[in-house]
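Participant: Handing you this structure, nothing more for now.
Nothing in this text is a laboratory measurement; each read-out follows from the coordinates by a stated rule. Since the structure is predicted, the reported quantities are computational estimates derived from the model, not experimental observations. As a convention, Cβ positions derive from the backbone with ideal geometry for all residues, glycine included, and neighbour counts pool all protein chains shown.
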Amino acid sequence: MKLQIVFKKEAYLVVKFRIKLLDCTKITTNYRKNFVSLIKEAFNRSGNEKLKNLNTITKQKPFTFSVKFSVKNSNDNQLELENSVFDFYFSTNDYLILMSVYNFIISHLNDYNIFANCKNILVKVMLLNKPTIDKDSVVFKTLSPIVVRDMINKNGDRTLKFSDEGFIYNLKLSIKSQIKAFMCQDVDQNSIGIKVLKMKTDNINSFGNNKNSYGLYANSGLLELNLKSEYLQLLYDIGVGAKRSQGFGMLEKIL
């Protein structure tokens, strides 16, 4: 089954996939890597060379995702799930990317194991409307935590807590870079307003190009962004900060 999605001027879309695990109750804490592999497989099977090339390039990618589990217990390496059903949210401003992920999951998920030795089935698909942002100030809630690299000190491997002195400035640099990459426009980082309303920082497992796991700081909560509405829409659609295509920086509009 395939769905033809038409973007309307007044609405954008995020897809919510409800998935059930059949043979396991424990998954790795580094679960985002498994969903990156799923997305890459979708691109490889899309038949589109542009999408296939996204799997090999290192530049920024115009999508983000979030996974919501109900966790019973956790340790350094594993999450014990309270419920075998979970939600996978995927957001982008690119029609081809959206359709490739949608069609792959609809057609192949029941035959594709997200986690090794653990079968899964697709329970439900929901297309969620995203209203167009038409003002220059928005309060966002993180659906997946924001990662901010320390770029001002030329230490991109170091990530920052929201309480660190350089967090706001480096997040501004990241937003400036996203606008340049995807809208081909230069903005002065001093014109970007960021106010942290409520946040917490967790040290979580992630992975790099060499596939080795390592810890990084990830920040969750509420923040207010003040910026031109078209730039806010971009961040709403593709996420904010570093490692967005690895399941970080997805936003939900609150106010």
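Participant: When a/c reaches 1.5 or more, the comparison of a/b and b/c decides; with that in mind, is segment 11-131 rounded, prolate or oblate per its Cα gyration tensor?
Facilitator: Cα axes put segment 11-131 in the prolate bin.
Participant: How many nm is it between the label spots at residue 123 and residue 163, if each spot is 7 Å from the Cα in line with the beta carbon?
Facilitator: 3.6 nm
Participant: Another question, then. Distance in nm between label sites at residue 87 and residue 56, each 7 Å beyond Cα in the beta-carbon direction?
Facilitator: 3.7 nm
Participant: Assuming 0.36 nm per residue, please report the length gained on full extension of the stretch residue 41 to residue 24 beyond their Cα-Cα distance.
Facilitator: On the way: separation 17, 0.36 × 17 = 6.12 nm, distance 2.21 nm.
Taking residue 41 through residue 24 to full extension adds about 3.9 nm, to one decimal.
Participant: Rounding to the nearest 10 and keeping the result within 0 to 90°, find how far the Cα-based axis of helix 229-238 lies from the longest principal axis of the chain.
Facilitator: 30 degrees
Participant: Where nothing but the Cβ of Lys and Arg (+1) and of Asp and Glu (-1) is charged, how large is the charge dipole of the chain around its Cα centre, in debye to the nearest 20?
Facilitator: 300 debye
Participant: Got the relative contact order for segment 11-131 handy, in percent, Cα pairs under 8 Å and 6 or more residues apart?
Facilitator: Across segment 11-131, relative contact order equals 47 percent.
Participant: So, one more: Which net charge results for the neighbourhood of residue 136, defined as the other residues with beta-carbon distances under 10 angstrom from its beta-carbon, given Lys and Arg at +1 and Asp and Glu at -1?
Facilitator: 0
Participant: Quick one: which of 50/141; 26/172; 52/172; 20/172; 124/161; 68/198 span more than 27 angstrom between C-alpha atoms?
Facilitator: Beyond 27 Å: 50/141; 26/172; 52/172; 20/172; 124/161.
Participant: Any chance you could run the full-extension gain for residue 224 through residue 49? It's 0.36 nm times the residue separation minus the Cα-Cα distance, nm to one decimal.
Facilitator: Here the answer is 59.2 nm.
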